[in-house]
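Since the structure comes first, as C-alpha coordinates, the remarks are kept for the end.
The values are calculated or read from the model by the stated rules, or taken from the named source; none is laboratory data. What you are looking at is a predicted structure, and each value in this text was computed from that prediction instead of being measured. Because the Cβ atoms are built from the backbone with ideal geometry, glycine has one as well, and the counts that use them run over all protein chains shown.
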Amino acid sequence: FRVLYDDAAIIYVNGIRVAASSSLPFDTQFDTFSAVTSNDNELSAYLSIPSGIIGAGDNVIAVEVHQADNTSSDISFDFELIPLLSIPYRDYFVIEGNELKAAKDFSELDLVPPFIFQVPVVAIDPFSGSIESLIPVYLNFADSDNDGLYDSVETDTGVFVSDQDTGTDPDNPDTDGDGWTDGAEVKLSTSPFDDGNMPKFRVQFRINDLNQFTVLFPVTAGNFYSIERSADLKSWQVLESDIEGDGEAIERNYPRSGAFRFYRVRSQ
(Lines give C-alpha, C1' and ligand atoms only; values in the text may rest on other atoms or scores of the structure.)
Protein backbone atom coordinates (compact mmCIF):
# COMPACT_ATOMS: atom_id res chain seq x y z
CA PHE A 1 0.00 0.00 0.00
CA ARG A 2 0.93 3.66 -0.26
CA VAL A 3 -0.33 6.77 1.51
CA LEU A 4 -0.51 10.38 0.36
CA TYR A 5 -0.56 12.60 3.45
CA ASP A 6 -0.23 16.11 4.84
CA ASP A 7 1.55 16.49 7.29
CA ALA A 8 2.05 12.98 8.76
CA ALA A 9 0.16 9.73 9.11
CA ILE A 10 -0.06 6.43 10.99
CA ILE A 11 -1.63 3.34 9.42
CA TYR A 12 -3.44 0.74 11.51
CA VAL A 13 -4.76 -2.62 10.30
CA ASN A 14 -7.29 -4.27 12.60
CA GLY A 15 -6.07 -2.00 15.40
CA ILE A 16 -2.38 -2.84 14.93
CA ARG A 17 0.05 -0.11 13.91
CA VAL A 18 1.82 -1.24 10.71
CA ALA A 19 3.47 1.98 9.46
CA ALA A 20 3.98 5.63 10.40
CA SER A 21 5.68 8.79 9.22
CA SER A 22 9.23 9.19 10.52
CA SER A 23 8.28 12.62 11.91
CA LEU A 24 6.08 10.99 14.57
CA PRO A 25 7.40 9.32 17.76
CA PHE A 26 6.48 5.71 18.46
CA ASP A 27 4.30 6.70 21.44
CA THR A 28 2.28 9.19 19.36
CA GLN A 29 -1.10 10.11 20.81
CA PHE A 30 -4.10 11.35 18.83
CA ASP A 31 -3.13 14.98 19.52
CA THR A 32 0.64 14.66 18.90
CA PHE A 33 1.97 17.09 16.29
CA SER A 34 4.28 16.07 13.46
CA ALA A 35 7.87 17.24 13.94
CA VAL A 36 7.97 18.63 10.39
CA THR A 37 5.56 19.79 7.72
CA SER A 38 5.07 17.83 4.52
CA ASN A 39 5.80 19.14 1.05
CA ASP A 40 2.14 19.57 0.00
CA ASN A 41 1.08 15.95 0.19
CA GLU A 42 3.98 13.57 0.67
CA LEU A 43 3.71 10.21 -1.07
CA SER A 44 5.07 7.28 0.91
CA ALA A 45 7.04 4.44 -0.62
CA TYR A 46 5.30 1.11 -1.10
CA LEU A 47 4.78 -0.55 2.28
CA SER A 48 3.61 -4.07 3.07
CA ILE A 49 1.19 -5.34 5.69
CA PRO A 50 2.86 -8.04 7.83
CA SER A 51 1.48 -11.52 7.30
CA GLY A 52 -1.02 -12.74 9.86
CA ILE A 53 -2.62 -9.34 10.50
CA ILE A 54 -5.22 -9.63 7.74
CA GLY A 55 -7.55 -12.60 8.05
CA ALA A 56 -10.67 -14.02 6.45
CA GLY A 57 -13.80 -11.87 6.62
CA ASP A 58 -13.89 -8.14 7.36
CA ASN A 59 -10.64 -6.25 8.02
CA VAL A 60 -10.35 -2.61 9.02
CA ILE A 61 -7.64 -0.23 7.77
CA ALA A 62 -7.44 3.14 9.55
CA VAL A 63 -5.27 6.14 8.68
CA GLU A 64 -4.60 8.68 11.44
CA VAL A 65 -3.49 12.05 10.05
CA HIS A 66 -1.39 14.48 12.14
CA GLN A 67 -0.75 18.18 11.58
CA ALA A 68 2.52 20.00 12.26
CA ASP A 69 0.76 22.53 14.51
CA ASN A 70 -2.71 23.74 15.49
CA THR A 71 -2.65 26.61 12.97
CA SER A 72 -2.07 24.51 9.86
CA SER A 73 -4.29 25.59 6.98
CA ASP A 74 -4.78 22.21 5.31
CA ILE A 75 -5.13 18.51 6.02
CA SER A 76 -5.45 15.63 3.58
CA PHE A 77 -4.70 12.01 2.85
CA ASP A 78 -5.30 9.40 0.19
CA PHE A 79 -4.75 5.67 0.48
CA GLU A 80 -3.88 3.11 -2.19
CA LEU A 81 -4.12 -0.60 -1.43
CA ILE A 82 -2.72 -3.07 -3.96
CA PRO A 83 -3.51 -6.73 -3.26
CA LEU A 84 -0.87 -9.36 -3.99
CA LEU A 85 -2.03 -12.82 -4.97
CA SER A 86 -0.17 -15.38 -2.89
CA ILE A 87 0.47 -18.39 -5.12
CA PRO A 88 3.48 -20.71 -5.42
CA TYR A 89 5.69 -19.31 -8.19
CA ARG A 90 6.90 -22.86 -8.96
CA ASP A 91 3.46 -23.58 -10.43
CA TYR A 92 4.27 -21.03 -13.12
CA PHE A 93 8.05 -20.86 -13.49
CA VAL A 94 11.00 -23.23 -13.65
CA ILE A 95 14.65 -22.33 -13.08
CA GLU A 96 17.04 -23.45 -15.82
CA GLY A 97 20.60 -22.42 -14.99
CA ASN A 98 20.41 -18.70 -14.33
CA GLU A 99 17.16 -18.24 -16.28
CA LEU A 100 13.59 -18.16 -15.05
CA LYS A 101 11.24 -19.67 -17.65
CA ALA A 102 7.50 -20.20 -17.88
CA ALA A 103 6.49 -23.73 -16.92
CA LYS A 104 3.75 -23.80 -19.58
CA ASP A 105 2.23 -21.66 -22.27
CA PHE A 106 0.62 -18.64 -20.58
CA SER A 107 -2.75 -19.54 -22.09
CA GLU A 108 -2.58 -22.75 -20.02
CA LEU A 109 -1.53 -20.92 -16.86
CA ASP A 110 -4.74 -18.87 -16.70
CA LEU A 111 -2.82 -15.59 -16.29
CA VAL A 112 -4.06 -12.27 -17.63
CA PRO A 113 -1.10 -9.90 -18.24
CA PRO A 114 0.12 -7.49 -17.11
CA PHE A 115 1.03 -9.56 -14.07
CA ILE A 116 3.73 -9.26 -11.41
CA PHE A 117 5.28 -12.18 -9.53
CA GLN A 118 7.61 -11.80 -6.57
CA VAL A 119 10.11 -14.65 -6.76
CA PRO A 120 12.38 -15.37 -3.76
CA VAL A 121 16.08 -15.58 -4.59
CA VAL A 122 18.58 -16.80 -2.00
CA ALA A 123 22.25 -15.77 -2.06
CA ILE A 124 24.51 -17.98 0.07
CA ASP A 125 27.73 -16.67 1.60
CA PRO A 126 29.90 -19.19 3.54
CA PHE A 127 30.81 -16.54 6.11
CA SER A 128 27.71 -14.41 6.60
CA GLY A 129 25.11 -17.04 5.79
CA SER A 130 22.23 -16.81 3.33
CA ILE A 131 20.32 -13.71 2.31
CA GLU A 132 16.89 -13.92 0.70
CA SER A 133 15.48 -11.22 -1.54
CA LEU A 134 12.26 -10.92 -3.55
CA ILE A 135 12.78 -10.27 -7.25
CA PRO A 136 9.78 -8.86 -9.18
CA VAL A 137 9.01 -10.62 -12.47
CA TYR A 138 6.81 -8.68 -14.89
CA LEU A 139 4.64 -10.43 -17.47
CA ASN A 140 3.08 -8.60 -20.36
CA PHE A 141 1.23 -9.40 -23.57
CA ALA A 142 3.06 -10.69 -26.65
CA ASP A 143 3.61 -8.52 -29.73
CA SER A 144 4.43 -11.06 -32.47
CA ASP A 145 4.91 -8.60 -35.32
CA ASN A 146 6.66 -5.90 -33.22
CA ASP A 147 4.32 -3.13 -34.30
CA GLY A 148 3.59 -1.81 -30.82
CA LEU A 149 0.20 -3.51 -30.49
CA TYR A 150 -0.36 -6.56 -28.31
CA ASP A 151 -1.55 -9.68 -30.14
CA SER A 152 -4.74 -9.80 -28.07
CA VAL A 153 -5.65 -6.28 -29.19
CA GLU A 154 -4.94 -7.05 -32.83
CA THR A 155 -6.90 -10.29 -32.81
CA ASP A 156 -9.92 -8.59 -31.27
CA THR A 157 -9.97 -5.97 -34.03
CA GLY A 158 -8.93 -8.17 -36.96
CA VAL A 159 -5.63 -6.36 -37.38
CA PHE A 160 -2.64 -8.36 -38.68
CA VAL A 161 -0.67 -10.36 -36.11
CA SER A 162 1.42 -12.75 -38.21
CA ASP A 163 1.65 -13.96 -41.79
CA GLN A 164 -0.76 -16.80 -40.98
CA ASP A 165 -3.55 -14.41 -40.00
CA THR A 166 -6.00 -12.56 -42.18
CA GLY A 167 -6.23 -8.83 -41.68
CA THR A 168 -3.97 -5.89 -42.34
CA ASP A 169 -0.32 -6.22 -43.28
CA PRO A 170 2.40 -4.34 -41.34
CA ASP A 171 3.81 -3.26 -44.72
CA ASN A 172 0.50 -1.46 -45.38
CA PRO A 173 -0.40 -0.25 -41.88
CA ASP A 174 -3.14 2.23 -42.89
CA THR A 175 -5.88 -0.14 -44.03
CA ASP A 176 -8.63 2.46 -44.50
CA GLY A 177 -6.30 5.06 -46.06
CA ASP A 178 -7.38 7.88 -43.76
CA GLY A 179 -3.83 8.97 -42.90
CA TRP A 180 -3.82 7.29 -39.48
CA THR A 181 -1.99 4.00 -39.03
CA ASP A 182 -3.91 0.98 -37.77
CA GLY A 183 -1.85 0.98 -34.56
CA ALA A 184 -2.64 4.62 -33.81
CA GLU A 185 -6.35 4.08 -34.45
CA VAL A 186 -6.57 1.06 -32.17
CA LYS A 187 -4.71 2.90 -29.40
CA LEU A 188 -7.01 5.92 -29.77
CA SER A 189 -10.21 3.84 -29.94
CA THR A 190 -11.13 4.52 -33.57
CA SER A 191 -11.60 1.98 -36.35
CA PRO A 192 -8.66 1.05 -38.63
CA PHE A 193 -11.22 -0.09 -41.23
CA ASP A 194 -13.40 3.06 -41.50
CA ASP A 195 -11.92 6.15 -43.18
CA GLY A 196 -14.68 8.28 -41.66
CA ASN A 197 -13.79 7.26 -38.13
CA MET A 198 -10.55 9.12 -37.39
CA PRO A 199 -8.91 10.26 -34.14
CA LYS A 200 -9.74 13.74 -32.97
CA PHE A 201 -7.06 15.69 -31.12
CA ARG A 202 -7.57 14.69 -27.53
CA VAL A 203 -5.14 13.83 -24.78
CA GLN A 204 -5.62 10.68 -22.74
CA PHE A 205 -4.15 10.34 -19.25
CA ARG A 206 -3.90 7.25 -17.08
CA ILE A 207 -1.78 5.53 -14.44
CA ASN A 208 -0.04 2.49 -15.94
CA ASP A 209 0.82 -0.83 -14.31
CA LEU A 210 4.21 0.47 -13.14
CA ASN A 211 2.45 3.35 -11.32
CA GLN A 212 3.70 5.90 -13.83
CA PHE A 213 1.69 8.76 -15.29
CA THR A 214 1.00 8.01 -18.98
CA VAL A 215 0.19 10.66 -21.60
CA LEU A 216 -1.21 9.46 -24.96
CA PHE A 217 -2.23 11.74 -27.82
CA PRO A 218 -2.53 11.68 -31.64
CA VAL A 219 -0.09 13.79 -33.66
CA THR A 220 0.00 15.20 -37.17
CA ALA A 221 3.04 14.43 -39.32
CA GLY A 222 5.39 17.40 -39.52
CA ASN A 223 4.01 19.21 -36.46
CA PHE A 224 5.89 19.59 -33.18
CA TYR A 225 4.49 19.23 -29.68
CA SER A 226 5.43 19.85 -26.05
CA ILE A 227 4.21 18.24 -22.80
CA GLU A 228 3.91 20.47 -19.72
CA ARG A 229 2.77 20.15 -16.12
CA SER A 230 1.71 22.55 -13.39
CA ALA A 231 0.87 22.60 -9.70
CA ASP A 232 -1.42 25.64 -9.84
CA LEU A 233 -2.43 26.25 -13.51
CA LYS A 234 -0.41 29.49 -13.39
CA SER A 235 3.18 28.45 -13.97
CA TRP A 236 4.00 25.53 -16.27
CA GLN A 237 7.05 23.29 -16.36
CA VAL A 238 8.08 21.83 -19.73
CA LEU A 239 8.63 18.09 -19.42
CA GLU A 240 9.50 17.59 -23.08
CA SER A 241 9.50 19.77 -26.18
CA ASP A 242 10.15 19.50 -29.92
CA ILE A 243 8.32 16.17 -30.14
CA GLU A 244 7.94 15.61 -33.87
CA GLY A 245 4.64 14.22 -35.08
CA ASP A 246 4.70 11.19 -37.35
CA GLY A 247 0.99 10.83 -38.05
CA GLU A 248 0.52 8.27 -35.31
CA ALA A 249 0.12 8.45 -31.54
CA ILE A 250 2.72 9.65 -29.05
CA GLU A 251 2.91 7.94 -25.66
CA ARG A 252 5.08 9.13 -22.78
CA ASN A 253 5.50 7.83 -19.22
CA TYR A 254 6.54 10.03 -16.28
CA PRO A 255 6.98 9.40 -12.53
CA ARG A 256 3.89 10.30 -10.53
CA SER A 257 4.10 13.54 -8.56
CA GLY A 258 1.82 14.71 -5.78
CA ALA A 259 2.82 18.33 -6.33
CA PHE A 260 2.02 18.48 -10.05
CA ARG A 261 -1.64 17.71 -10.72
CA PHE A 262 -2.24 19.37 -14.09
CA TYR A 263 -0.83 18.33 -17.46
CA ARG A 264 -1.27 19.65 -20.99
CA VAL A 265 -0.02 19.04 -24.52
CA ARG A 266 0.67 22.01 -26.78
CA SER A 267 1.28 22.25 -30.50
CA GLN A 268 4.42 24.34 -31.03
Is it true that some residue in segment 250-258 is over 17 Å from S189 (Cβ atoms), more than 14 Å from the chain's Cα centre (by Cα) and not basic (K, R)? yes
When segment 88-97 is checked residue by residue, the ones that are exposed (fewer than 10 other Cβ atoms within 10 Å of the Cβ) and modelled with pLDDT of 70 or more are E96, G97
Strands (runs of 3 or more DSSP E) wholly inside segment 1-72 that include at least 2 residues being modelled with pLDDT of 80 or more: 8-13, 16-20, 61-66
Take E244 and tell me if it is in the same structural domain as Y254 (by TED's automatic domain parsing), under 22 Å from the mean Cα position of the chain (by Cα), at negative phi and modelled with pLDDT of 80 or more. no
Looking only at segment 224-238, filter to residues that are surrounded by 16 or more Cβ atoms within 10 Å (Cβ to Cβ) and assigned to a strand (DSSP E or B); which one of those is farthest from the chain's Cα centre (by Cα)? Y225
Out of the residues in segment 7-36 that are surrounded by fewer than 17 Cβ atoms within 10 Å (Cβ to Cβ) and among the hydroxyl-bearing types (S, T, Y), state the one that is farthest from E64 (Cα to Cα). S22
